[in-house]
Amino acid sequence: MSSDTPILSIRDLTVDFAPKSGRLPAVSNVSFDVTAGEMMCVVGESGSGKSVTALAIMGLLAADTAISGNILFEGRDITRLSRREWQKIRGRQIGMIFQEPMTSLNPVFTIGRQLVETIRHHERVSVRAARDRAVELLDMVGIPSPRSRLDDYPHQMSGGMRQRVMIAIALICSPRLLIADEPTTALDVTIQGQLLDLLNDLRSETGTAIMLITHNMGVVAEVADRVTVMYSGCVAEQAEVMQIFDHPAHPYTSGLMNCTPKLTVTSAQLNTIPGSMPNPAAAPPGCLFAPRCELAIDACSEGRPAQVNLTGNHSSACIRAEMLLGESAE
Ligand SMILES: Nc1ncnc2c1ncn2[C@@H]1O[C@H](COP(=O)(O)OP(=O)(O)OP(=O)(O)O)[C@@H](O)[C@H]1O
Ligand SMILES: [Mg+2]
């Protein structure tokens, strides 16, 4: 496979928890690719559909959820797989790290036991070999004196260390793709930076592609190769990271950038985009961002805007995208 062949290709993914209700689906017609070895960031405010997209890829949504579209993993449509077949991919070829490691680790078992059991669930190896592999993995994620930490319980570790353990567990099967859903949000800024560096290093060393979910444009600026901006279950804009920061082509993206926290600013001074996401039960007829958009014109209320392809791999779902690009080029 060439390096730019997508590992993951999502096409028109729609996830509707209440299809007959007339409410907006949690995820609507989302399409994006993640290519081998790249860091693709999915960014958007709370409730924009980031986690639901990740859960759909992992096959972790309830069986009665209405899901349409295609999720191609290494060219195979995994939405057509049986639960059993999906399970072979989940955790082996696609790893996932969740936001709060305390809820994913079992508090009554040591870190070593949890690693050893997971290793032995996937590979037929002795307990001794699994312990050696556990030490190797803890070392790889930057845990000092890993052998002595095997006997620690989760509560004996700091939040950052626990998240490193979760990354180690996700790496057990050397997945081709790692989905990290807000892996650093609950941690302080320094630890957040260290974990992002770790993910970046692992990506370069192992070639694992990473889909990193965040609501923070600062995180995007730090690590992303490419960015997918989501708003209200839809893709607002997609581009290489430099294009997004230098020439944003959706007012929502610019809004997110303006509210990125700076280390020198206290939380009382944080900007937010005025207004809130549309109520799924009473969505506006046109662009879902129009009611909050300073640049909205009458035409923005006439039907949902389609994705417009701009230069390179840049696309935007704003009818004024070309105008915005023209302005940023001046
Ligand atoms: N199991 C569910 N049943 C019904 N609605 C759901 C379910 N899970 C999520 N939703 C809804 O889907 C929408 C998208 O939620 P999602 O969790 O994907 O947001 P998010 O972008 O991950 O937000 P956050 O940044 O807060 O994690 C929300 O409106 C949420 O209330
Ligand atoms: Mg989420």
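Among the residues of the range 178-199, is any more than 16 Å from ligand 1 (Cβ to nearest atom), part of a loop (DSSP other than H, G, I, E, B), open to solvent by less than 30 Å² (accessible area, probe 1.4 Å) and within 28 Å of residue 5 (Cβ to Cβ)? Among the residues of the range 178-199, not one is more than 16 Å from ligand 1 (Cβ to nearest atom), part of a loop (DSSP other than H, G, I, E, B), open to solvent by less than 30 Å² (accessible area, probe 1.4 Å) and within 28 Å of residue 5 (Cβ to Cβ), which makes the answer no. Which residues, taken from the range 192-230, are modelled with pLDDT of 95 or more and touching a Gly at 6+ places or on another chain (Cβ under 7 Å)? Listed by number, the residues that qualify are 209, 229, 230. Restricting attention to the range 39-80, the residues being in contact with a Gly (Cβ under 8 Å, 6 or more places away or on another chain), within 16 Å of ligand 2 (Cβ to nearest atom) and either at pLDDT below 95 or assigned to a loop (DSSP other than H, G, I, E, B) (or both) number 2. Residues in the range 15-32 that are open to solvent by 70 Å² or more (accessible area, probe 1.4 Å) and within 8 Å of ligand 1 (Cβ to nearest atom): 17 only.
When 75, 69, 112 are checked against the criterion of being away from ligand 1 (no atom under 16 Å from the Cβ) and at positive phi, a single residue qualifies: 75. Selection over the range 88-107 of residues that are open to solvent by 50 Å² or more (accessible area, probe 1.4 Å) and either β-branched (Val, Ile, Thr) or in contact with a Gly (Cβ under 8 Å, 6 or more places away or on another chain) (or both) gives a count of 3.
A count restricted to the range 289-316 and to residues that are part of a loop (DSSP other than H, G, I, E, B) and within 22 Å of residue 241 (Cβ to Cβ) stands at 7. For first residues located in the range 241-256 and in contact (Cβ under 8 Å) with a residue 24 or more places away in the chain, partners that are open to solvent by less than 10 Å² (accessible area, probe 1.4 Å) and of a type in the set (Asp, Glu) and lie 6+ apart or on another chain with Cβ distances below 9 Å form the pairs 244/237; 248/237; 249/237; 250/237; 252/237; 253/237. No other residue among 319, 273 is modelled with pLDDT of 95 or more, outside any helix (DSSP H, G or I) and over 26 Å from residue 209 (Cα atoms) apart from 319.
The values are calculated or read from the model by the stated rules, or taken from the named source; none is laboratory data. This structure is a prediction, so every number in the text was calculated from the model and none was measured. Please note: Cβ atoms are built from the backbone with ideal geometry, for glycine as well, and neighbour counts cover all protein chains shown. These area figures cover heavy atoms from the full protein model, side chains too; ligands, DNA and RNA do not enter into them. Shrake-Rupley method; radii C 1.70, N 1.55, O 1.52, S 1.80 Å.
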